[in-house]
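Colleague: Supplied in structure tokens, the structure appears directly below.
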């Protein structure tokens, strides 16, 4: 990574952290459990993208490690969003009544 | 659907903390493995920035994997939930952390030192265990939030190593949310974050259980319980981890419906660290179809306890321990739900055993408190039957 890229990356990181802080601070404690499963699923999605980048032309051991990582991340994405959805539905149906 | 999706659908809500811990382990494992694979393929070409990012990613990722798995095992009951303490445990953790730092520094200075990189990764896995081992089950809300944060930061570091903005952003979001929750949780226990991670609650010397309880504890029956509820206009239910253990949320819902039918107003007082993860009680009550307008946060409901006719404490202990107001108490200063200000308090509990803090609870011996010794689910169902028969 070039030094210019590093500054860009640090900038992105700080902006994301600031945005994250403000967004998450406004989530009521009521929703902290689904919040946690959602952010976890979101961060896992990014790992899948990264593996597509690294997967190209890798050595065999690296590919095997990558494959395990893909499996772990995908289960996290699927499980994370499903459970978030399930919890939010439980909160939602009360509003409908 | 893969197996994980099935877990998400099938997991009972009472097992949410375990499931969350497990998903942190999965996320961190992915980050750690990507880091190791990246180094394996590019050991000779990684730049300085990439090496710093890789070190962060692999250390945070690895310790989160084992830490989360251990948290999972503790919550699942596979490993005993009590804090495991041995002399010098903090020294061991600190030495381990120092060695990891030295190895990381070595690797950053010399990328050809593969032994430093792999040694660092291996010790980080070990560090996750020594970090979580001494932490008791009741402190799990903080630990789970903290591990969430680490998993996110590991993902963010992956982004730096691979020069990928999406990863940096998603990881930072996850890291921020975890850290905010961890700080909120430790505030709710009036303990600094570091104290939760490195300290443990010392056994109390203030008062023994015998002094506090001597002859003052009065127990009650389902029948009397129901009679006390007969004319209650305002009832507040305080759920704790005991409700989750006993899967009593549906029984509690039945009680709520029976009381509302009699014209009483029923609310639920939620302490921020009730249960084993942030928002644990809310999710359980929502599962049992309790409207979320009835779940009231501690700061909102505390000033109104004087107007509560009956407060029902179900499987909660430390979060209602009036000992927290005494300055010499091990939990001094921890904000609690002021249930003792209600006209009548009924505590549903299996026995007089102390909570996580291991100290007696003066609330149980208070003049306006009755103890209802029962398993939460079976006991509440008995009360519901009596209330319906009124």
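The values are calculated or read from the model by the stated rules, or taken from the named source; none is laboratory data. Computed from a predicted model, the values in this text were never measured in an experiment. With ideal geometry, Cβ positions are generated from the backbone for all residues, glycine too; neighbour counts draw on all protein chains shown.
Colleague: How about region B:290-311: which of its residues are more than 7 Å from chain A (Cβ to nearest Cβ) and not in a helix (DSSP H, G or I)?
Modeller: Correct list: B:290, B:296, B:308, B:309, B:310, B:311.
Colleague: Return the residues of region B:222-246 that are surrounded by 16 or more Cβ atoms within 10 Å (Cβ to Cβ) and more than 23 Å from residue B:338 (Cα to Cα); say none if nothing qualifies.
Modeller: The answer is B:222, B:245, B:246.
Colleague: Out of all the residues in region B:253-277, which are more than 14 Å from every other protein chain (Cβ to nearest Cβ) and either buried (at least 23 other Cβ atoms within 10 Å of the Cβ) or assigned to a helix (DSSP H, G or I) (or both)?
Modeller: Within region B:253-277, B:254, B:255, B:258, B:259, B:261 qualify.
Colleague: Answer yes if at least one residue in region B:60-80 is in contact with a helix residue (DSSP H, G or I) (Cβ under 7 Å, 6 or more places away or on another chain), modelled with pLDDT of 85 or more and within 9 Å of another protein chain (Cβ to nearest Cβ), and no otherwise.
Modeller: no
Colleague: Here's a follow-up. Buried (at least 23 other Cβ atoms within 10 Å of the Cβ), farther than 20 Å from residue A:70 by Cβ, within 16 Å of the chain's Cα centre (by Cα) and within 10 Å of another protein chain (Cβ to nearest Cβ) - does that describe any residue in region B:182-190?
Modeller: Looking through region B:182-190, at least one residue is buried (at least 23 other Cβ atoms within 10 Å of the Cβ), farther than 20 Å from residue A:70 by Cβ, within 16 Å of the chain's Cα centre (by Cα) and within 10 Å of another protein chain (Cβ to nearest Cβ).
Colleague: Can you pull out the residues in region A:45-54 that are more than 8 Å from chain B (Cβ to nearest Cβ) and surrounded by 15 or more Cβ atoms within 10 Å (Cβ to Cβ)?
Modeller: A:48
Colleague: Going by the conditions given, is residue B:320 more than 14 Å from every other protein chain (Cβ to nearest Cβ), surrounded by 19 or more Cβ atoms within 10 Å (Cβ to Cβ), within 21 Å of residue B:376 (Cβ to Cβ) and more than 18 Å from the chain's Cα centre (by Cα)?
Modeller: So residue B:320 fails the test.
Colleague: Same structure, new question: If a residue has to be within 25 Å of the chain's Cα centre (by Cα), in contact (Cβ under 8 Å) with a residue 60 or more places away in the chain and either at positive phi or part of a helix (DSSP H, G or I) (or both) to count, how many in region B:342-373 make the cut?
Modeller: Matching residues across region B:342-373 total 3.
Colleague: I'd like the residue in region B:1-22 that is more than 8 Å from chain A (Cβ to nearest Cβ) and modelled with pLDDT of 80 or more and, out of all such residues, is surrounded by the fewest Cβ atoms within 10 Å (Cβ to Cβ).
Modeller: That would be B:18.
Colleague: Could you please let me know if residue B:166 is within 14 Å of another protein chain (Cβ to nearest Cβ) and at pLDDT below 90?
Modeller: So residue B:166 passes the test.
Colleague: Which residue out of B:135, B:129 is under 26 Å from residue B:273 (Cα atoms), buried (at least 24 other Cβ atoms within 10 Å of the Cβ) and more than 14 Å from chain A (Cβ to nearest Cβ)?
Modeller: B:135
Colleague: Can you go through B:158, B:130 and tell me which one is within 19 Å of residue B:77 (Cα to Cα) and in the same structural domain as residue B:189 (by TED's automatic domain parsing)?
Modeller: Of B:158, B:130, the one residue that is within 19 Å of residue B:77 (Cα to Cα) and in the same structural domain as residue B:189 (by TED's automatic domain parsing) is B:130.
Colleague: Any idea which residue in region B:38-47 is farthest from the other protein chains (Cβ to nearest Cβ), counting only those that are under 15 Å from residue B:116 (Cβ atoms) and not in a loop (DSSP other than H, G, I, E, B)?
Modeller: In this case the residue turns out to be B:39.
Colleague: Of the residues B:276, B:218, B:234, which single one is closer than 17 Å to residue B:317 by Cα and in contact with a strand residue (DSSP E or B) (Cβ under 8 Å, 6 or more places away or on another chain)?
Modeller: B:218
Colleague: Okay, moving on. Scan region A:1-44 residue by residue and report those that are without any contact (Cβ under 8 Å) to a residue 40 or more places away in the chain, more than 25 Å from residue B:298 (Cα to Cα), in a helix (DSSP H, G or I) and more than 7 Å from chain B (Cβ to nearest Cβ).
Modeller: Across region A:1-44, the qualifying residues are A:3, A:4, A:7, A:8, A:10, A:11, A:14, A:15, A:18, A:19.
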